[in-house]
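Remarks on the structure that follows.
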Amino acid sequence: MKIADILDTKGRTVHTILPYATVTDAVRRLELLGIGALVVCDTEHRLVGILSERDLIRELAQRGPELLTQPISEVMTRKVATARPADELTSAMARMTSGRYRHLPVLDGGRLVGMVSIGDLVKARLRDMELQTGVLRDAVIAAH
């Protein structure tokens, strides 16, 4: 199974925010949308970072409440791990697990085309395993 298969199922909507928006703006968007990360893009829609709940908690612990007035560019993760639509689900899962990422923006030729979370990957893998189990069960039943 490929990352493109997951995007075909879940959709390709990516919630983005500009780097000069404030942390308060980002927190409100995360809560309103019920998501755990925003992709930070410049005005040309190029990926420049990612802002996750984990980033916010880490920075809040260090800076305190004044963090809320800071621009996202001061808080975001700049070195962003990404995936490609052709990447295998298992390799993306391994990369996310080893890097402790929960979200991977998906780029195709440098263009942002989607985002997957570890939950998306686990759900897809479980569906795939259930399908394989069903096929094997049917094969065993047919053999008897």
Has the range 80-101 got any residue that is closer than 19 Å to R28 by Cβ, surrounded by 15 or more Cβ atoms within 10 Å (Cβ to Cβ) and out of contact with any helix residue (DSSP H, G or I) (no Cβ under 7 Å at 6 or more places or on another chain)? no
Please go through the range 84-106 and give me each residue that is small (G, A, S) and at pLDDT 95 or above, ordered by number. A86
For the range 1-109, list the strands (runs of 3 or more DSSP E) that sit wholly inside it and hold at least 3 residues that are in contact with a strand residue (DSSP E or B) (Cβ under 9 Å, 6 or more places away or on another chain) and in contact (Cβ under 8 Å) with a residue 60 or more places away in the chain; which are they? 37-41, 103-108
Checking the conditions here, which among R28, R58, R46, R12 is under 12 Å from the mean Cα position of the chain (by Cα) and surrounded by fewer than 16 Cβ atoms within 10 Å (Cβ to Cβ)? R12
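The values are calculated or read from the model by the stated rules, or taken from the named source; none is laboratory data. It should be emphasised that the depicted structure is a prediction, and the values quoted were computed from it without experimental measurement. Backbone-built Cβ (ideal geometry, glycine too); neighbour counts: all protein chains shown.
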